[in-house]
Amino acid sequence: MAYNNNGYNRQYNGRGPNYNQNRNQGKRKNGCKYGINKNDDPYISGWKIINNILVSFYCSVNPNVGVEVVKNKQGKEYHKWLCTIEFPNSYEKKRLETGFFDPKEQKVFIPEMNLVLAPKARVSSGRGGVWFINNK
């Protein structure tokens, strides 16, 4: 004899018939953080999965040049940083690019790759992010 639940499915739980309590919430696909290195220079490091390849970033003041301040057309000041980009599982293992650090917003822009590294970005995990910017 079957248990009668007045026409309701026992797995319904008031959240809909397809709700699964153990469902995967999705994996993080990027992350970023801000810190101070051994030489008391600020740095931003991050990672992003691009086409199923883990790409890691490390941006800091160029040790050979020091802090170099650059102004854009609007008069906003940026610090010129050296960014190391690593592709561990691909043909091109390491790449050096110039990044522009915004000290007010604590973001690094890498124009050659159209990337932004922002440790204070408001993402769901609260740990900053790395994303592409659109050039229009």
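Remarks
- Looking only at segment 32-72, and only at residues there that are at positive phi and not polar (S, T, N, Q), the one that is modelled with the highest pLDDT: Asp40
- Among residues of segment 51-82, those that are in a strand (DSSP E or B) and either touching a Lys or Arg at 6+ places or on another chain (Cβ under 9 Å) or touching a residue at least 60 places away in the same chain (Cβ under 8 Å) (or both), counted: 11
- In summary, Asp41 fulfils each of the numbered conditions (1) loosely packed, with under 12 Cβ neighbours inside 10 Å; (2) more than 23 Å from Trp131 (Cα to Cα) with the single exception of condition (1).
- Note on segment 87-115: among residues that are over 19 Å from Pro63 (Cα atoms) and among the charged types (D, E, K, R), the one that is modelled with the lowest pLDDT is Glu92.
- Of the candidates Lys94, Lys107, the single residue that is touching a strand residue (DSSP E or B) at 6+ places or on another chain (Cβ under 6 Å), surrounded by fewer than 13 Cβ atoms within 10 Å (Cβ to Cβ), under 24 Å from Arg28 (Cα atoms) and basic (Lys, Arg) is Lys94.
The values are calculated or read from the model by the stated rules, or taken from the named source; none is laboratory data. Everything quoted here is computed from the prediction, not taken from an experiment. Cβ: placed from backbone, ideal geometry, glycine included. Neighbour counts: every protein chain shown.
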